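Asker: Got a structure here, written out as structure tokens. Questions coming.
The values are calculated or read from the model by the stated rules, or taken from the named source; none is laboratory data. Remember, predicted model here, so these are calculated numbers, not experimental data. Note: ideal-geometry Cβ built from the backbone for every residue, glycine included; neighbour counts use all protein chains shown. Areas reflect the complete protein model, heavy atoms only, side chains present, ligands, DNA and RNA absent. Shrake-Rupley method; radii C 1.70, N 1.55, O 1.52, S 1.80 Å.
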Protein chains: 2
Amino acid sequence: MSVTIYDIAKQAGVGVGTVSRVLNNHPNVSVKTRERVLKVAHDLNYQPHAFAQGLARNKTNTIAAIIPFFTNYFFLEVLQGIQDKILTLGYDIMLYGLNENDPEQFESHLLRSTQKGRADGVMLFSLRLPDDFAEKYKHVNHPIVLVDCFHQDFDSITVDNKAGAYAATKHLISLGHERIGMINANPISPPAQHRFEGYKAALIENGLPFDEKLYKSSKIMKYDGFSREAGYVSMIAMLDLPMDERPTAIFVSSDVQAMGALSAMRDHNLKAPDDIAIVGYDDIELAQHIGLTTIGQPMYEMGVLSVGRMLDRLTNRNGSVTHTSFTPKLIIRETCGYRKTEAVSVTNHQV
Amino acid sequence: MSVTIYDIAKQAGVGVGTVSRVLNNHPNVSVKTRERVLKVAHDLNYQPHAFAQGLARNKTNTIAAIIPFFTNYFFLEVLQGIQDKILTLGYDIMLYGLNENDPEQFESHLLRSTQKGRADGVMLFSLRLPDDFAEKYKHVNHPIVLVDCFHQDFDSITVDNKAGAYAATKHLISLGHERIGMINANPISPPAQHRFEGYKAALIENGLPFDEKLYKSSKIMKYDGFSREAGYVSMIAMLDLPMDERPTAIFVSSDVQAMGALSAMRDHNLKAPDDIAIVGYDDIELAQHIGLTTIGQPMYEMGVLSVGRMLDRLTNRNGSVTHTSFTPKLIIRETCGYRKTEAVSVTNHQV
DNA sequence: ATAATTATTGGAAGCACTTCCAATAAAGTA
DNA sequence: TACTTTATTGGAAGTGCTTCCAATAATTAT
């Protein structure tokens with residue numbers, strides 16, 4: 001139906017082998033025939049058939065990405081990095097979005113994307129991996145790289161949540177606060193755990209006590225407690241404390257939660273930073289709009305790097321597993337009171 | 001290397017034709033052989049090779065989506081609709097993101113996605129189409145469906161921008177405002193044009209004059225003026241008017257611009273709705289957080305429907321072109337002053 | 001029981017490529 | 001000039017599937 005290398009071969013008076021060779025820039029074809037073939041191919045407006053190529057080469061030139069939709073802004077930025085990088089390499093992206101943390105859908109996506117001849121490799125994003133994950137997929141024929149999640153046995157690109165939380169808390173400390181609370185998401189989430197660790201470490205290492213009463217974690221399952229609602233109820237709980245026991249500053253484990261916390265404060269006629277200083281986490285688009293001091297993550301870069309890691313893995317299947325961790329950075333805006341000279345850069349701190 | 005239908009055929013003592021027939025649920029194969037083959041396939045953990053199938057069937061079972069990244073939340077929601085629908089149909093999504101409105105990248109994406117054997121069809125999102133688009137792609141072998149953009153010659157799913165703008169303006173009118181301004185994006189954008197038309201129509205049809213001085217459009221090219229900055233400068237310009245000529249309410253052509261406008265007001269110590277009422281457009285996530293009254297679009301539904309349209313087109317290539325338009329709806333929050341009884345539903349209005 | 005249908009089945013051909021091998025042509029060497 | 005060596009070249013085989021056609025087996029009708 002459409003033009004194939006056979007058409008080109010006939011028209012140019014050569015064999016299909018030769019056509020294939022010039023189209024793939026193989027050596028050992030005389031310049032005259034090469035030019036002739038190229039001209040015919042161009043005249044006929046030839047386009048290779050992707051699937052036929054894939055079949056013959058046993059290579060799809062596409063990589064699959066499984067991403068939870070709710071990661072939202074993170075998702076978008078990382079994806080952009082991935083795509084910009086991947087285009088330069090001639091690969092395509094097969095997208096598998098995940099609604100909520102639906103294990104069944106995850107399974108089906110994973111199965112599909114690791115199916116023979118569909119993609120060369122799979123990237124998993126921000127996923128809490130099932131217990132049997134490693135055992136099940138370790139020996140699958142597809143490279144798997146983890147982005148923003150971790151497992152010892154797979155290549156991963158992560159961001160150091162502990163360091164980020166440490167930086168956020170340290171910032172509050174350096175601003176002179178001594179009663180620093182934390183509003184955390186649901187501790188079943190690994191990032192939530194790590195952010196808590198960073199918070200606690202910053203307190204201890206700077207001679208401040210860790211006070212149970214100033215720490216509120218969420219039991220909400222939806223989005224693992226990384227939601228506006230979760231932030232709201234945690235803050236309400238926090239404000240239940242007697243006036244003089246309240247924290248003067250709070251590190252909130254995500255910007256959306258911070259949004260909720262802020263509106264709880266508003267409902268109590270409290271303002272940030274005047275009444276309570278707030279640091280968020282994530283630097284979502286919103287944060288900029290409302291002047292939220294927060295922790296930013298190099299999402300675009302992570303995307304770019306993760307493609308690089310995937311390609312490495314594709315060309316060297318037996319290389320040893322690597323783990324790369326990015327350091328997030330503090331972004332100072334208005335919700336803590338802006339005191340430039342006292343800003344702390346996380347890069348000075350090694351966890 | 002991996003298990004093929006030949007392995008199954010051998011093991012089950014039948015021919016490959018038979019294997020293929022049972023795997024594809026073709027009739028005319030005895031139940032005993034069918035069961036035998038199925039068992040062997042299961043025991044061998046057989047997976048069909050996607051590319052080989054595609055090649056033989058001349059069908060990829062994937063559809064390509066070209067989406068500008070900056071559409072952000074819209075992008076995400078529509079995509080979710082698409083994917084939920086498409087999964088039930090056994091298709092995959094190939095994603096081509098667009099950075100800004102880069103015509104060159106658009107061209108290359110389109111070329112790639114319409115390449116033989118890569119995808120069965122292409123969906124284009126929120127794109128200002130180049131002039132030579134129709135001429136160039138009308139007779140390409142791939143179905144193309146347009147989402148949130150329009151061209152006479154291609155199937156499209158859009159949302160009625162004029163109706164949305166009308167509803168927004170009408171809401172302001174019904175609240176008693178008489179000096180209603182509009183802050184628009186760059187008029188080169190079709191949605192910007194239509195939103196302007198809706199604004200103007202609402203004014204005229206309700207006996208209010210259209211006043212040039214109360215209308216500010218943007219000349220900014222980035223994001224076609226749908227940006228926070230654009231909103232900010234437009235509002236500043238608006239506030240340059242003498243006190244008594246200022247509008248008492250403003251319809252802003254997008255929520256991000258509204259964010260900018262709101263912060264310009266804040267810089268002038270003005271508040272919404274007390275000093276000036278504001279309606280936005282888009283209902284981005286942010287809008288909910290800041291209580292912005294705005295116009296919401298059924299993004300998820302659009303995604304679902306667009307897949308449906310694509311499938312129709314795939315099964316009937318010569319059917320006539322269809323255009324579907326969704327009616328957006330007014331979402332009343334706080335930036336106009338909340339007066340429930342006077343809320344106007346756009347569904348009562350036919351453009 | 002025999003002929004005529006109808007239901008299964010095997011396997012070749014085709015899908016559009018790549019790659020390898022043998023064959024031919026060109027160039028180099030003595 | 002005759003013999004190697006090297007550079008091109010054509011085309012068969014292979015990639016893993018579907019589908020069509022002819023052949024065989026099972027049913028039904030006579």
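Asker: For the charge dipole of segment A:5-48, defined by +1 on Lys and Arg C-beta atoms and -1 on Asp and Glu C-beta atoms about the Cα centroid, which residue among A:Val19, A:Val40, A:Val29 has the Cα displaced farthest towards the positive pole?
Answerer: Ranked along the dipole, the leading option is A:Val29.
Asker: Helix A:73-87: angle to the longest alpha-carbon principal axis of chain A, degrees 0 to 90, nearest 10?
Answerer: 30 degrees
Asker: Right, next: If one puts a single equal scatterer on every Cα of segment A:1-145 and applies the Debye formula without solvent, what log₁₀ I(q)/I(0) results at q = 0.10, 0.16 Å⁻¹?
Answerer: -0.51, -0.88
Asker: Also: With everything on Cα atoms, drop me the angle between helix A:190-205 and the longest principal axis of chain A, reported from 0 to 90° to the nearest 10.
Answerer: Orientation of helix A:190-205: about 40 degrees from the principal axis.
Asker: Can I ask one more? When the helices in chain B are scored as -39500 (n - 2.57) per DSSP H run of 4 or longer and the sum is shared across all residues, what 222 nm value do you end up with, to the nearest 500 deg cm²/dmol?
Answerer: That calculation yields -13000 deg cm²/dmol at 222 nm.
Asker: Something else: Between segment B:66-107 and segment B:263-289, how far is it from one alpha carbon centroid to the other, in angstrom?
Answerer: Using only Cα atoms, the two centres lie 30 Å from each other.
Asker: Note down the accessible area of B:Arg57, probe 1.4 Å, to the nearest 10 Å².
Answerer: 120 Å²
Asker: Still on this model: Taking a probe of 1.4 angstrom, what is the accessible area of B:Val140 in Å², to the nearest 10?
Answerer: Accessible area of B:Val140: about 50 Å².
Asker: Something else: For segment B:227-248 and segment B:136-163, write down the distance between their C-alpha centroids in whole Å.
Answerer: Here the two parts' Cα centres lie 35 Å apart.
Asker: Can I ask one more? For A:Phe154, what charge total do you get from the other residues with a beta carbon under 10 Å from its beta carbon, if Lys and Arg give +1 and Asp and Glu give -1?
Answerer: Computed value for this residue: 0.
Asker: Now for a separate question. Estimate the FRET efficiency between B:Ala134 and B:Leu44 by the formula 1/(1 + (r/R0)^6), using the beta-carbon distance for r and 60 Å for R0, to the nearest 0.05.
Answerer: 0.75
Asker: Just counting partner chain Cβ atoms within 10 Å, what average do the residues of peptide A:167-173 show around their Cβ?
Answerer: Taking the mean over all residues of the peptide, I get 0.
Asker: A follow-up question, please. Once the mean 1/r over all distinct Cα pairs of segment B:118-206 is inverted, what Kirkwood radius in angstroms do you read off?
Answerer: Kirkwood hydrodynamic radius for segment B:118-206: 15.0 Å.
Asker: If a/c stays under 1.5 just call it rounded; otherwise compare a/b with b/c (prolate if a/b is bigger, oblate if not). Do that for the protein assembly as shown, with a ≥ b ≥ c from the square roots of the Cα gyration tensor eigenvalues.
Answerer: It is oblate, given that a/c is not under 1.5 and a/b is not larger than b/c.
Asker: Also: Return the average number of partner chain Cβ atoms within 10 angstrom of each residue Cβ along peptide B:89-97.
Answerer: 5
Asker: If the viscosity is 0.890 mPa s and the temperature 25 °C, what Stokes-Einstein diffusion coefficient in µm²/s follows for segment A:5-48 when Rh is the Kirkwood radius over Cα pairs?
Answerer: Diffusion coefficient, whole number: 247 µm²/s.
Asker: Something else about it: What Kirkwood Rh does chain A have if only Cα atoms enter the pairwise 1/r average? Answer in Å.
Answerer: Roughly 22.9 Å, rounded to one decimal.
Asker: List every residue whose amide H lies under 5 Å from the amide H of A:Ser325, counting only residues 5 or more places away in sequence or on a different chain, with H placed 1.01 Å from N in the peptide plane.
Answerer: Counting only residues 5 or more places away or on other chains, the set is A:Thr158.
Asker: How about segment B:126-160: which trypsin sites (Lys or Arg not before Pro) there lie in a loop by DSSP and see at most 14 other Cβ atoms within 10 Å?
Answerer: Answer by residue number: B:Lys138.
Asker: What number in nm² do you get for segment B:27-101 if you take the convex hull of its Cα atoms and divide its surface by four?
Answerer: Averaged projected hull area, Cα only: 7.6 nm².
Asker: Cut-off 10 angstrom, C-alpha nodes, Gaussian network model of chain A. Which of A:Pro247, A:Pro273, A:Pro48 fluctuates the most?
Answerer: Fluctuation is largest for A:Pro48.
Asker: For B:Ile295, enumerate residues with amide H under 5 Å from its amide H, sequence gap 5+ or separate chain, H modeled in the peptide plane.
Answerer: Close amide H contacts, sequence-distant or interchain: B:Gly280, B:Tyr281, B:Asp282, B:Asp283, B:Ile331.
Asker: How far is it, in nm, from the label point at A:Asn206 to the one at B:Tyr6 when both lie 7 Å from their Cα along the line to the Cβ?
Answerer: Taking the two extended label points, one gets 6.8 nm.
Asker: Can you give me the long-range amide H partners of A:Val147? Hydrogens built in the peptide plane at 1.01 Å from N, cutoff under 5 Å, separation of 5 or more residues or another chain.
Answerer: Amide H to amide H, under 5 Å and 5 or more residues apart or across chains, A:Val147 pairs with A:Leu124, A:Phe125, A:Ser126, A:Ile157.
Asker: Hey, what angle do you get for helix A:31-43 against the long axis of chain A, alpha-carbon based, 0 to 90 degrees rounded to 10?
Answerer: The two axes meet at around 70 degrees.
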